[in-house]
Every structure is written in C-alpha cells, then in structure tokens.
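Participant: One structure is given below, represented as structure tokens, and several questions about it will come after.
The numbers here are math on the coordinates, done by the rules we state, and not lab data. Keep in mind that what you see is a predicted model, and the values were worked out from it rather than measured. Positions of Cβ are backbone-derived with ideal geometry, glycine not excepted, and every protein chain shown enters the neighbour counts.
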Amino acid sequence: MSSEKIINEKSSETVETKLEVAKKETIPVVEPKFEKSLAEKVVTKFGTKATIGFIKPNRIRINAKKENILDVATFIRDELNFDHAESVTGVDYPQSKEIEVVYHLGSYTEPQLAKQVLTLATRVPREDIPNPGNDSTRMPSLRDIFYSVEFHERECFEMLGVYFEGHPDNRRLLLPEDWADIPPFRKDFSIKGR
Amino acid sequence: MQKELISSHATNVFVGKLGDVLIKAIDKPLGYALNWGRLWSLWPVHIETACCSVEFGAASGPRYDVERFGIIEAFGSLRQCDLVVVQGTITRKMAPRLRMVYDQMPDPKYVIAMGACAITGGLYFDSYNVLPGIDGVIPVDVYVPGCPPRPETLIQGCMLLQEKIKRMKVR
Amino acid sequence: MTTSLPPGIQLEKADDRIMTLNVGPQHPGSGHMRLIIKVDGDYIVSCDPDPGYVHRGEEKMAEYRNYIQNIPHLERPIIHDSCNILYPYCLAVEDLLGLEVPERAKYIRVIASELNRCVYTLYWLAIYGIFLGHSTMFMWPMGDREFCIDLLEAMSGARVTHAYFVPGGVRNDVPANFEERCLRQIDYFEKRLKQYEDIFYQNPVLKQRTEGTGVLSRMDAIRLGTTGSVLRSAGVDFDVRKKEPYDVYDNLDFQTQVLKEGDSYARSRVPYLDMLESCRIIKDALKKMPKSGSVRTKLKPNPKGGNEEAYRRVESGRGSLGMYIVSDGKPEPYRVKISVGSFRNLICMPYLLKGEKLGNMPAVYWSLNYWPVEADR
C-alpha cells in the first residue's frame, strides 16, 4: 500500500514537471511584420475567399478556392506587384481526394519584395480513374495573368492530369509520345519494385 | 588430244587451289592493313544522351586528349562515322531515335556503352522512363563502367575496342 | 507541281513554302533535345521545343528514398554543377529538421559552389565554341576547367558529382594546405581568364555572329520569368546571392554583373564576368574562413520532419534554382519539386527564334544557358 502511494506520488511529480517543460517550450512565435502586412492586404480584400496558410520570414502562403483564384492572382499582380512565377507544383492527396496546385510567385521590379516568395495554393477535385482533359480535375489557367507559367502548367497537366482551362496548348512536354498509363506523379502510380 | 589433256574438272581444281594459296597469302596482311586503318580512325557520332557527355567532352579536351587515338568527334553527318558512344541514360523516348541512328550508320560500326546507366540502368534502375541497359536496342561491343567513368577509363575502353577490332575477321 | 524531295524533309502542303525541320536529338547543333522548326526559305517562322529525352523521373524517385538517400540521384541533373543543385536541397532540409550549420562548413560550401559555377560556365563556353565553329573556344575552356576540377577533387574525392553537401554541413573537411594551394591555383586561373577577353570577346567573327541576334527586352525578360544570366544581360539587377543571401554571402564582397543590350553577345558575356567575380569571392572566403572547427552537424538515424513545407533557392550557373519539399512526418519526403533555371528559360526559345535566320539559330539557342538534362530532370 505504501509502495503504491510512493509510486503514485512519483508519477504525478513527473507529469507535473513534464507540463512545466512543455509550457516553457511553447514560446509564442513572433510573426514578421512586413510579411504580415502583405497577407493582411489580401485577406481584407477577399475576406473568406482567401485564407492565410502560414507567415514565415520571407515566405507567405495564401490558400484560395479554384473559383476565386483568377481574382486573387490579379490582385496579387496589380496591387502587391508580384510579376512572375518561379514554379508551379502539383501535390497529390489521395486520402482527401484532392490535388493541390501550388504557385510560387516572386517579384523582380519591386525592391522591397526581392526576398519574398508568395505561395498561392488551390485545391482541385481528384478522380480515382483519371481521364486527363475530360474529367473534373480542372482549373482556370493563370497564363493570362502571369505569362511565365506556360510551360510549367503543361508539365503539371501531363504529370498529374490537371487540365488548365484557357491555356492554349495543353500538350505533352516531357513524357514520351506513346505514354498510355496514368499520370506518373499520382500516388497510385508506383515505380517498379516499390 | 589437247582437249583430253585440259579437262574442265582439272582446270577447276587448279584454279581453286591457286585461289586458296593467293587468299592465304594476302588475307592476313590485307586484313591486318584494313583493321589497322579502322582502329586508328574511330569517329564517334555526335549524340549526347545524358550526363556522361560531360566526361566525354572532357576526354576530348587537352588534358585527356583522345584525338591522339584518332577518335575525332566528326561534327558532320553520321553517315561517315563508325562508332556510337552511348553516353549515359537512355529513356523510353530516346530509344527509338538511338536505334534509328544506329541503323543509319554504314558498316562496320561499333558501340561503346559508357556509364552505369547504359549498362544496366544504373542509379535510375527503378524509374518509370528509363531502359534497364541498352542491350535490347543495339548490340554492344565494350562496356565502360563508372558513374560517370573518368576520362582515363573511357580511353581504356577505347583501347579495348581497338584490341577487339584487331582480332576481327575482315569479310 | 510535284518535286521529289530527299527523304526526311517534309513540306506542309505541296507548293507551300514552309518546311518543317527536325533539329533533333542527334544533331551537331543541338544538345539532348529536339527543336521542331518551321522555315520559310532562310527565316524561322515558328519553333516548338520538344524536351524530355532525358526525363528520368527524379521527383518521383525522391518520394521513395529518405533524405540522405536522395543525395546521389538529385545531383545528377547537372553533374558538373552538382553542388549548386544540392545546395537548396540541403538548405530546405535544414529548415525542416531545424539543423544548425557550423561556420566553417558555410565557407567551404561557398567555395565549392563558386568553383562549380566556374566549371559549368567553362563547359558551356566550350560547347558554344563548337556551335559557332571556333575550335580554340572549345580547347581553352576545357583545359582551364581542369584547374578547378583538381581543387574539387581534392575536396570531395570525385571530379564531377561530388555528393559533397549533406544536410548539416559538408561531408568531410578540406585537406591540409588546401588554402595555399587554392589561392595559387585561383591566381593562375584568373590570369588565364583575362586572356579570354581578347581572343574570344573581341573576335570580329564572334561579334558579328552574336551581336544583335535574339534581342530580349527588359520588359519581356521580366514578363517571361527568365532567370540567371539571361535576366542580367537584359538589364534587370537580380541575383539571389545579393537579394536573398544564404550562408555567408552577406559577409563577402562582390558585385552583380548587369549588361543592358539583351542580345546573344551580352548573354555570352555575363557568365564570363560572373566567373571573374567568383574568383574574387573564393579569395575573400579563403581569407575570412575560420581556421578550424567542425564541418558537419551529426544527424540522428532516419531524420523526420514535421507536417511542413520549405522552399529555398540558390543562384546556380544557369539561374535561380529552387527546391520545394513537402514533408508529412515520415523519413521520406512527400513531394520534392525542383525548379530549375533551364526550364524557366525554355519559354524564351520559341519567343526569340521567331523571325531569326536559320544560321543564327545555334548562336541564339545556346546563349540562353540551357542545359537539357537539367530541364528534363
């Protein structure tokens, strides 16, 4: 009986010390001011249509729905002065049945924005049996707003099956001409032996 | 009477035996001369397939001068070349073109597979777009291992090819 | 009017003036890619680039290997500039895992990165010489590049594909007496580089072939999203080493080289001026490097990141090279995306080659600093 008490006291002590240590470690992270002001501008203009992903030093992330992505991108180009896209990526999330298309935008003309890279992300529905070009995995193309995404969007189309409406040339770029399998960067496409 | 002396069968045998003696006398030195001409002037096709092309370029540079062996990269057409150095990874998109290049070259032609990717697929053995070695596309004479092989290794591979050509029969 | 054509050349329709040519994967004037060019007489009407002949699926393979196993195959897209493609990968993984890099390792990384830039630029100049028919321009850079390759071999053990940068620092320390040897070799290398000015850049034939061809204006360079020497030769002052300094670049003394004309001559000159700056950076870094210290932060076995993402970029020989890594708590990354300078400059090719003469095509196309293996990944 006494030994049980001692054990209980000991375990409660360790639990308390653990809580104290945990409290010390959760120091609130100070969000950098300049990046916060940029993100606030987007959110005040669009309200719930655009949400902030994260704000880190030199990196901001804005999530938007695919219906509003053209307006958000036009605002980012005209008001915030981001003028080109560094890359366009697609990330496949089969559990939530969505593909995330991520644009990284940079600025050459505005000297204050030289360090910043704005990540603009949107989600597109994903079907189990893809039919690239003819199913619901589609989104409006940002080529009229940022001309530099032309070849990047073509690559995203052939690698993940996301059709870009308004892009003049949704064609194969890197894969062989007789590729007959599903788009290779999807998670259900596994490379040999793995 | 003269007709009986010079019978057609005997003439045939005589011509055949004379032909054998002549061929035996000339074949070896003629073969040696033709092979000597071929092995000291191997001209590779200008086809850069993947990253090993950097070390092939370095082999043509002043330090590892491969031109002293006669291997000049003739930048004209491939109708006058006789060596294909497959430099690196062959993808599924490139394989039909490699076969076309090999078919368009005149005989005699030789193939060196340079780099681990050309021999077995190398580091990219499990990629979806890479062939596991070029043996299924064109017949290979010499395999030069490495990733990438040093220029000295490539020169040793060329010398092995020269030994192989010396032993080849002409005809 | 039926004319019998040699095989391999097609006319669009009979009687049509426009002819389709394949500047294909096997061509003395192309690298490992194909350009489908439509010509009208001597003038190019349209150009359709067809890359993908060296597409090996690097990004897909990276999802099946953990962070350290990814290093050998991720450096192969550009084997002689391999430190510069591993640099953003190591910086991004250090962000995800929260690693601190020791000071001496940062200086060694800068020195290796600048040596790799010289090695790449000289190979690019050599091939430019072949395309223009100037064989001295092939031999001299190939020979001078061996000086830098000797130094890299002493540091890492391999001529190319060093696999020298790891997340946490560099793989091993430089050998003893490396600093004096490096200073002597870079002094001689710089003397040789200064001779290139007369023989190559004041050469009347080279000037005639490249001046005024493929002019890219400043607005177009920004709109098309170009990067690297293509951007800086059109008058835009943007170099990632100055604008978003990583490691110890904010401590070193160098300048961004910018030219205004935007033609092929300026594009062929900016990497050469960058190389002279690289020599200054190496000498400065050798002076300021701490004399001793560890060069690597040890990693635990099977390092895992949290549910985060990281995007870092670096200035390589071809432009800004970015690496975007998404991690989901496993030892393997969930998605790796490499954003290379060559792929971003690919959009200039159909844009600039329209209206050019067919003879100017190699001069314009290779001056865009395009390395096909890297663009295909």
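Participant: Please report the spacing between the Cα centers of region C:173-251 and region C:60-121 in Å, no decimals.
Facilitator: 21
Participant: Please give the per residue volume of the convex hull enclosing the alpha carbon atoms of region C:311-377, rounded to a whole number of Å³. Walk me through the numbers on the way to the answer.
Facilitator: Numbers: hull volume 6.0 nm³, N = 67.
That works out to 90 Å³ per residue.
Participant: Then there's this: Round to the nearest 10 and give me the degree value, 0 to 90, for the angle of helix B:8-39's Cα axis relative to the longest principal axis of chain B.
Facilitator: 30
Participant: For C:LYS304, which aspartates and glutamates qualify as cross-link partners when the Cα separation must be under 14 Å and same-chain residues fewer than eight apart are set aside?
Facilitator: By straight Cα distance, C:LYS304 reaches C:GLU63, C:GLU94, C:ASP95, C:ASP328, C:GLU332.
Participant: Please list, in order along region A:73-79, the HN-Hα scalar couplings obtained from phi with the Karplus expression 6.51 cos²θ - 1.76 cosθ + 1.60 (θ = phi - 60°), rounded to whole Hz, x for Gly and Pro.
Facilitator: Values per residue, Gly and Pro as x: 5, 5, 5, 5, 6, 7, 8 Hz.
Participant: Here's another thing I want to ask about it. In terms of the Cα gyration tensor, with a ≥ b ≥ c the square roots of its eigenvalues, is region C:262-374 rounded because a/c is under 1.5, prolate because a/b exceeds b/c, or oblate?
Facilitator: oblate
Participant: Another question, then. Using Cα centres only, tell me the gap between region B:54-99 and region A:123-147 in whole Å.
Facilitator: Comparing the Cα centres of region B:54-99 and region A:123-147, I get a distance of 42 Å.
Participant: Still on this structure, I have one more. Measure nothing but the geometry: give the 0 to 90° angle between the long axis through the Cα atoms of C:82-97 and the longest principal axis through the Cα atoms of chain C, rounded to 10°.
Facilitator: The angle comes out at about 50 degrees.
Participant: For region C:213-315, how big is the tail of P(r) above 18 Å, as a whole percent of Cα pairs?
Facilitator: Details: 3227 of 5253 pairs.
So the pairs more than 18 Å apart make up 61 percent of the total in region C:213-315.
Participant: Here's something else I'd like to know. Report, as an integer, the average count of C-beta atoms from other chains found within 10 Å of each Cβ along C:225-232.
Facilitator: 3
Participant: Could you give me the ³J(HN,Hα) list for region C:281-295, computed from phi with Karplus coefficients 6.51, -1.76, 1.60 and θ = phi - 60°, whole Hz, x at Gly and Pro?
Facilitator: 5, 5, 5, 5, 5, 5, 6, 8, 5, x, 6, 8, x, 7, 10
Participant: Gaussian network model of chain B, Cα springs within a sub-10 Å range: biggest mean-square fluctuation belongs to which of B:THR89, B:THR11, B:THR120?
Facilitator: B:THR11
Participant: I would also like to ask the following. Past 27 Å, Cα to Cα: identify those pairs from C:LYS38/C:LYS60; A:LYS66/C:LYS337; C:LYS300/C:LYS337, in the order given.
Facilitator: Those over the limit are C:LYS38/C:LYS60.
Participant: Here's something else I'd like to know. How large is Rg/Rh for chain C, to two decimals, with Cα atoms and a Kirkwood Rh?
Facilitator: Answer for chain C: 1.00.
Participant: Less than 29 Å apart at the alpha-carbon level, and either on another chain or at least 8 residues along: which lysines does that give for C:LYS287?
Facilitator: Answer for C:LYS287, where 29 Å is the Cα cut-off: A:LYS115, C:LYS106, C:LYS191, C:LYS194, C:LYS242, C:LYS243, C:LYS298, listed by chain and number.
Participant: For region C:141-190, what class follows from the C-alpha gyration tensor (a ≥ b ≥ c being the square roots of its eigenvalues): rounded when a/c is under 1.5, otherwise prolate if a/b is larger than b/c, else oblate?
Facilitator: Taking the square roots of the gyration eigenvalues as a ≥ b ≥ c, region C:141-190 is oblate.
Participant: In the protein assembly as shown, what percentage of the DSSP-assigned beta bridges are antiparallel, given to the nearest 5?
Facilitator: Percent antiparallel among DSSP bridges in the protein assembly as shown is about 75.
Participant: Mind checking region C:15-124 for trypsin sites (Lys or Arg not before Pro) that DSSP puts in a loop (not H, G, I, E or B) and that have at most 16 other Cβ atoms within 10 Å? Spell out each step's value before the answer.
Facilitator: Numbers: sites: C:ARG17, C:ARG34, C:LYS38, C:ARG56, C:LYS60, C:ARG65, C:ARG104, C:LYS106, C:ARG109, C:ARG117; in loops: C:ARG17, C:ARG56, C:ARG65.
Of the trypsin sites (Lys or Arg not before Pro), the ones in loops of region C:15-124 whose Cβ has at most 16 other Cβ atoms within 10 Å are C:ARG17.
Participant: Based on a Kirkwood Rh over C-alpha pairs, give the Stokes-Einstein translational diffusion coefficient of region A:33-130 at 25 °C and viscosity 0.890 mPa s in µm²/s.
Facilitator: 176
Participant: Here's something else I'd like to know. Pick out which of C:VAL174, C:VAL166, C:VAL93 has the largest mean-square fluctuation in a Gaussian network model of chain C, springs linking Cα atoms closer than 10 Å.
Facilitator: C:VAL174
Participant: Determine Rg/Rh for the protein assembly as shown; Rg is computed over alpha-carbon atoms and Rh is the Kirkwood hydrodynamic estimate from the same atoms.
Facilitator: Values: Rg = 29.7 Å, Rh = 28.3 Å.
Rounded to two decimals, Rg over Rh is 1.05.
Participant: In percent, what relative contact order does region A:55-194 have, based on Cα pairs under 8 Å that are 6 or more apart in sequence?
Facilitator: For region A:55-194, the relative contact order is 22 percent.
Participant: Between region C:330-377 and region B:6-28, what is the C-alpha centre distance in whole Å?
Facilitator: Cα centroid to Cα centroid, the span is 66 Å.
Participant: Choose one of C:TYR120, C:TRP366, C:GLY228: the residue whose Cα lies farthest towards the positive end of the charge dipole of chain C (beta-carbon charges +1 Lys, Arg; -1 Asp, Glu; about the Cα centre).
Facilitator: Checking the options against the dipole of chain C, the answer is C:TYR120.
Participant: Taking loop as defined by DSSP and a crowding limit of 14 other beta carbons within 10 Å, which GluC sites (Glu not before Pro) in region A:86-128 fit?
Facilitator: Hits after loop and neighbour filter: A:GLU127.
Participant: Report the residue, chosen from B:GLY70, B:GLY146, B:GLY19, that carries the largest GNM mean-square fluctuation when chain B is represented by alpha-carbon nodes joined by springs under 10 Å.
Facilitator: Maximum among the listed residues: B:GLY19.
Participant: Okay, next question. Go through C:CYS148, C:CYS83, A:SER87 and say which Cα lies farthest out towards the positive end of the charge dipole of the protein assembly as shown; charges sit on Cβ, +1 for Lys and Arg, -1 for Asp and Glu.
Facilitator: Going by the Cα projections, it comes out as C:CYS148.
Participant: Ignore the peptide's own chain and count Cβ atoms of other chains within 10 Å of each Cβ in C:64-73; give me the average, rounded.
Facilitator: Other-chain Cβ atoms within 10 Å of each residue's Cβ, averaged: 1.
Participant: So, one more: List the trypsin sites (Lys or Arg not before Pro) in region C:190-265 that DSSP assigns to loop (not H, G, I, E or B) and whose Cβ has at most 13 other Cβ atoms within 10 Å. Which are they?
Facilitator: Answer in residue order: C:LYS260.
Participant: Ratio of chain B's C-alpha Rg to 2.2 N^0.38 Å, to two decimals? Intermediate results must be reported in sequence, preceding the final value.
Facilitator: Numbers: Rg = 21.9 Å, N = 171, 2.2 N^0.38 = 15.5 Å.
Its radius of gyration relative to the 2.2 N^0.38 Å reference: 1.41.
Participant: Taking a ≥ b ≥ c as the square roots of the Cα gyration tensor eigenvalues, with a/c under 1.5 meaning rounded and otherwise prolate when a/b beats b/c, else oblate, which class fits region C:51-206?
Facilitator: Since a/c reaches 1.5 but b/c is at least a/b, the shape of region C:51-206 is classed as oblate.
Participant: Turning to a different aspect of this structure: From the phi of every residue in region C:361-377, what ³J(HN,Hα) in whole Hz does the Karplus formula 6.51 cos²θ - 1.76 cosθ + 1.60 yield, where θ is phi - 60° and glycine or proline is x?
Facilitator: Computed from phi, the couplings for region C:361-377 are 4, x, 5, 6, 5, 7, 5, 6, 6, 9, 10, x, 5, 6, 5, 7, 6 Hz.
Participant: In debye to the nearest 20, how big a dipole does the protein assembly as shown give about its Cα centre with +1 on each Lys and Arg Cβ and -1 on each Asp and Glu Cβ?
Facilitator: Magnitude of the dipole: close to 1120 debye.
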